[in-house]
Every structure is written in structure tokens, then in C-alpha cells.
Amino acid sequence: MTTIAVIGLGAMGLGIAQVYVTAGFAVLGTDAGSNARATARDGLSRALSSRVTSGRLTPDDAAAALDRFRVVDDLDALAAADLAIEAIVEDKAAKSALLAQMESVLSPGATLATNTSSLGVGDLATALTRPGRLVGLHFFNPPPAMRLVELVTLPVTDPAAATLARQVTETAGKTVIACADSPGFVVNRCARPFYGEALALLEEGRSPADIDGAMLAAGYRLGPLGLIDLIGTDVHLAATETIYAAFDRHPRYYPFAALRRRVLSGHLGRKSGIGLLYPQTMPAAPADAAAIALRIEATLVNEAAWLVAAGGPAAADIDTALRLGMNFPRGPFEMLDLHGRDRVRQTLADLARNAPPHLAGRYDAAPLLQAG
Ligand SMILES: NC(=O)c1ccc[n+]([C@@H]2O[C@H](COP(=O)([O-])OP(=O)(O)OC[C@H]3O[C@@H](n4cnc5c(N)ncnc54)[C@H](O)[C@@H]3O)[C@@H](O)[C@H]2O)c1
């Protein structure tokens, strides 16, 4: 019987615990906060009950799942775990210290995993004596509902560690995509133009309603500006700046002033009552909706094609990742099939010709899209 430990029982950690107990694994959970420890079991119980109410779990299965979850007070009590996943605060020093501690508590054959979104798994591995035992297991929010998990491995990763992490996560019903340790992994990197090109359009004077209306008409469940409002403009700006810095300020990841201005004005999205689009949510499509959608999708195709050029995952895996991780109606290479290579290339060339100086190079086509 595989035992899984989850350290950090916040929004993500408790959701990850739910994923594995529901799949039949024993889960040991802990948190530095006594309140988080004290409330975790009730939180899990409520989450399981709501699955019973919605008919996705029987009352017996929910009770059995809750029985498999045990909250412990200190890390020493996690010694029996075969896989330990940390979902603590996104802070390199805190995560490095915790992972080093876990390494000394667990057996040498155990697998360590980090749920980091923005830190390098390789950077975290430097804190360890056995860096080959660490993988990234990047769940999406909320973990029980989102089917995708990115499995991040390093050149030094022990295949047995990656295999265990993949097997238990697939057993829990997730689609696991292997990815390299590069900023934003696959989903958070390939989704940048969805937001960025919408913000570029906003800076050119298009209304938020036109931009999101165009993407809703193209089959997206939420437009890019509405999605930023849901995430929080402040949280989104911080994530954009992290990726921009990680890619040496490449203009494809440019943090637009339109976003920064909203943050400085306190317009943080749904949580503050005003955002880029919010309180509006589902605007109608403008007359040129198709052109707006083509522009945003052409830049999505280009980002994915640059990732492939850098040795990233196969095109089909990138498509799966964006459909499951972002709820996109189609992946970037399906967008390429839809619009055709010539139109995508022409759209990028037109954008490049009209780009302001600070965006020079933003629309350079990836090798896959170049003429020839
Ligand atoms: N929230 C998201 O949308 C999301 C999505 C994917 C990944 N992540 C990543 O998941 C991790 C957790 O995020 P979250 O949103 O659940 O945060 P959260 O603030 O809800 O929970 C973090 C928990 O970790 C605990 N904690 C902090 N330091 C600790 C330590 N040293 N030892 C033990 N427990 C400690 C805190 O008490 C808290 O309960 C972060 O790395 C984050 O980047 C978050």
C-alpha cells in the first residue's frame, strides 16, 4: 500500500490530499499552522460531502476516503511515506528548508515532490543530498476538478521516482504530462499570449468587452480579461513579471502597462469588485470577432511552436495540456490546423510590422511557422 504525505494543507495541499484519498491511497497530512492542522479534516469532510451531494461519490466511498486521511503534528510522523508532496508557501528558502528536512525524515528510496508553480525544480533540488529523488508535481486549482498534472523531471531525476509519481497520479484519474524544468512549465508558459495579446489589444484602444466577447464567440468558456479578473490582476501581474524575468525580459512575455495601472488603482478583479472587464462578465461579440480571435490564437500557436523548438513536449501533449489545464476549446496545434500555417504566419508578420519599439521581436515566428 503506497502512503502519500502532503505538507501544507492550504487550498492546494488539501485538494491534493482529496485526490489521493479518493483514489484509495493512505494520506498523511501536516502543516506548520496549528489552525490549518485543526481544520483540515473538517475541510476534507466538507469537500467529500459535496461530491456525495453532486452524485460523484457514494456516502460509503466518501467515509472510506476520509478514513484514509490522517493529520499529524510534525514531520517525523511522515517517515512511512513513499511519496511526499510539498504544497507550502511559494518561497524558495522555505521550500528548500522543508525538502531538506523531509529528505532526512523519509527512507532513502522515497520520492519527494514539489507543487511549485514558479520556482525551478532544479534550484530546489540543490538543497538535497539525493536530488534525483525530487520531481515537480504541478497540480492545477482546484486539484480535485482539474484533470491535468505536470510532471517535471530533471536530467538527474531517478526514473523510479518519476514513475512512482506518475503511477499514483494516473491511478487517481489525472492526465500526467511530462515537462522539462523551464519557467511556467508547459501550461503557464503557453498560455501567456492568451492574456498578453488581449492586454496588447486593450492598450491599442479596443474595449475589454470586444476582446472577451470575441474569445467567447470563438468557444472559450471565459475571455482572457475575465480570466485575469478571476485570478486577480495583482496575482496575474506577479506571475507575468516572474516569467518575464525568467526569460530575460523577452518581449513575448512583456508585462503590459494596462495591467499594472489596474493593480495600482486597486482594481484587482472580482475580489475588489472592479477589474479589467469585471463587473461585466459575458460580453457580446464585436463585428470583427474572428480577426481578434485569430490574432490571439496566432500568438498562442507561436508560443507553443517556440516551446517545441526548444525541445519541449510533443505537439499533441501541448494541446492536451492547454485543453485540460486552461479549459481551452482547442490546443495551439489544433488552432494551427484550424487557421492554416499561411494565415498564422501572415498574422504574425502583420503584427510584427505594426509593433511599437518596446515590442520589437515579440512576433518573430518560431521555426515551425517560418516560410520554406
Ligand atoms: N493557488 C493556486 O492556484 C496554485 C496552483 C498551482 C500551484 N500552486 C502552488 O501550491 C503551493 C501552495 O499554494 P496554496 O495556494 O495552497 O497556498 P496556501 O497559502 O493556501 O497554503 C499554504 C499552506 O502551507 C502552510 N505552510 C507554509 N509554510 C510551511 C512550512 N514551512 N511547513 C509546513 N506548512 C507550511 C501554510 O500554513 C498554509 O496552510 C504554492 O507553491 C503555490 O505556488 C498554487
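Using packing as a proxy for protection, rank 279-288, 159-168 so that the peptide with the highest average count of other Cβ atoms within 10 Å comes first.
The densest-packed peptide leads the list: 159-168, 279-288.
Gain in length, Ser207 to Asp364, computed as 0.36 nm per residue apart minus the alpha-carbon separation, to one decimal in nm?
Additional length available on full extension: 53.9 nm.
How high is the relative contact order of the chain, given as a whole-number percent (alpha carbon pairs under 8 Å, six or more residues apart)?
It comes to 12 percent, rounded to a whole number.
Per DSSP H run of n ≥ 4, the term is -39500 (n - 2.57); total these for the chain, divide by its residue number, and report the mean residue ellipticity at 222 nm rounded to 500 deg cm²/dmol.
Calculated from helices alone, the mean residue ellipticity at 222 nm is -15000 deg cm²/dmol.
Modelling each spin label as a point 7 Å along the Cα-to-Cβ direction, I'd like the Thr281/Ala79 distance in nm, to one decimal.
That separation, rounded to one decimal, is 5.1 nm.
Got the relative contact order for segment 3-179 handy, in percent, Cα pairs under 8 Å and 6 or more residues apart?
Relative contact order, segment 3-179: 22 percent.
For segment 32-109, what is the charge dipole size about the Cα centre, in debye to the nearest 20, if Lys and Arg each add +1 at the Cβ and Asp and Glu each add -1 at the Cβ?
Rounded to the nearest 20 debye, it is 320 debye.
Hey, in the GNM for the chain with a 10 angstrom Cα cutoff, which one of Ser182, Ser50, Ser96 fluctuates hardest?
Highest fluctuation among the options: Ser50.
For segment 269-275, take each phi angle, set θ = phi - 60°, evaluate the Karplus expression 6.51 cos²θ - 1.76 cosθ + 1.60, and give the result in whole Hz per residue in order, putting x for glycine and proline.
Listing the rounded values in order: x, 4, 5, 9, x, 9, x Hz.
What's the magnitude of the charge dipole for the chain around its Cα centre, counting Lys and Arg as +1 and Asp and Glu as -1 at the beta-carbon? Answer in Debye, nearest 20.
460
Full-extension gain between Val72 and Arg221, please, as 0.36 nm times their residue separation minus the C-alpha to C-alpha distance.
Length gained between Val72 and Arg221: 49.6 nm.
How much FRET efficiency would the formula 1/(1 + (r/R0)^6) give for Ala64 and Ala11, where r is the Cβ-Cβ distance and R0 is 25 Å, rounded to 0.05?
Between Ala64 and Ala11 the formula returns 0.55.
No value in this document is a laboratory result; all are computed from the given coordinates. Note that the structure is a prediction, hence the values are computed from the model and not measured. Quick reminder, even Gly has a Cβ in these numbers, built from the backbone with ideal geometry, and neighbours come from all protein chains shown.
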